[in-house]
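Inspection log for the structure reproduced underneath, given as structure tokens.
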Amino acid sequence: MAEKVFRQMFEEKYMRFPEGRSKAVTFSYDDGVAADKKLLAIFKKYNLKATFNLNSRLFDCENWHGRMDEEQTFSAFADCGQEIALHGARHIFLNKVPLCEAIKEVADNRSYLENKFGRIVNGMAYAYNGFNADIKRVLGDLGVKYARTTFSTRSFAVPEDFLEWNPTCHHNDPQLSDLLDKFIKYRPEDEFKFREPWLFYVWGHSYEFDDNDNWDVMERFSREISGRQDVWYATNGQICDYVAAYRSLVYSLDGERVFNPSYMPVWLEIRGRVYRIDAGGCVVFGN
């Protein structure tokens, strides 16, 4: 009986990140300012992945936290190896203008960035954290797949609603060091009951490092969190796409067979074993 009860505790299925990893790290930085170039260099140095959220009608506002002009922005981000995402054309509160104006704000921003950079741009960070239920509803119609808030969870939870994606914390959060220590030292798969994967999501503005003279915070954090075999380093968009693929898995009635209808492989853990389910593939657990 004891053996049966113990086995029952491990019938649940848990998402694992690529190659079966149980942890992921991502970053999100706003506004397209000159200090982003220094931050890009740090991310490149430590092989980290991030998303940079850009406006498209504020290129003549250098005195606003050192925003780059149009060509400086393109030069910085065109081949940087990171994701670019939306932040509204004019960095306005989307929830404080008529809905039709908010729609145009996002649509104009997306159209500009896609045409300028020659890629699909369908992620977002809410400027001033301005959103509501109506904004979230229309973002899907505009082709936006995720949108980041500024509400810190101080947890490593994967979001249920990607159009209200709450980060772990800001880089100036007083708990950043403690969160990093926990993230490095412990593993979700070692938990008896709560074995969900961990996602460490840090956000901010790179000009804040200049304002506070604390670039050492990001340098130290990047150094300590990089190069770990159990961590997936991904952009916001990569994480969103992967979680969507995992959530699209189709199971048999008894839960012993799973089919992956997506275009990418996904990994899951059941009964202490990690399985890879290839794109278009079917796996029977225990085989």
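The values are calculated or read from the model by the stated rules, or taken from the named source; none is laboratory data. Keep in mind that this is a model prediction, so the values were computed, not measured. Here the Cβ positions follow ideal geometry from the backbone for every residue, glycine too, while neighbour counts run over all protein chains shown. Areas reflect the complete protein model, heavy atoms only, side chains present, ligands, DNA and RNA absent. Shrake-Rupley method; radii C 1.70, N 1.55, O 1.52, S 1.80 Å.
Worth pointing out:
- Using the Cβ of P265 as centre and a radius below 15 Å, the other residues enclosed give a net charge of 0, where K and R count +1 and D and E count -1.
- Between helix 36-45 and the chain there is an angle of about 30 degrees, using the helix long axis and the longest principal axis of the Cα atoms.
- Sparsely packed loop sites in the stretch 105-179 (the GluC sites (Glu not before Pro) outside DSSP H, G, I, E and B with at most 13 other Cβ atoms within 10 Å) comprise E160.
- Placing +1 on the Cβ of every Lys and Arg and -1 on the Cβ of every Asp and Glu, with no other charges, gives the stretch 10-51 a dipole of roughly 280 debye about its Cα centre.
- Tilt relative to the chain, helix 215-225 - C-alpha long axis, 0 to 90 degrees, to 10: 20 degrees
- Spin-label model, F259/K185: points 7 Å from Cα along the beta carbon direction are separated by 4.6 nm.
- Filter on K49/K96; K96/K136; K38/K185; K23/K145; K49/K185; K96/K145 - keep pairs with C-alpha separation over 25 Å: K49/K96; K38/K185
- Note on the stretch 191-262 and the stretch 150-183: Cα centroid distance 11 Å, given to the nearest whole angstrom.
- Counted charge near V243, where neighbours are those whose Cβ lies closer than 13 Å (Asp, Glu -1; Lys, Arg +1): -1
- Using a simple spin-label model with pseudo-atoms 7 Å out from Cα toward Cβ, E101 and A279 lie 4.3 nm apart.
- Positive contributions from Lys and Arg (+1) and negative ones from Asp and Glu (-1), summed over other residues with Cβ under 12 Å from the Cβ of P98, come out at -1.
- Exposure of L99 as accessible area (Å², to 10), given a probe of 1.4 Å and all protein chains: 60 Å²
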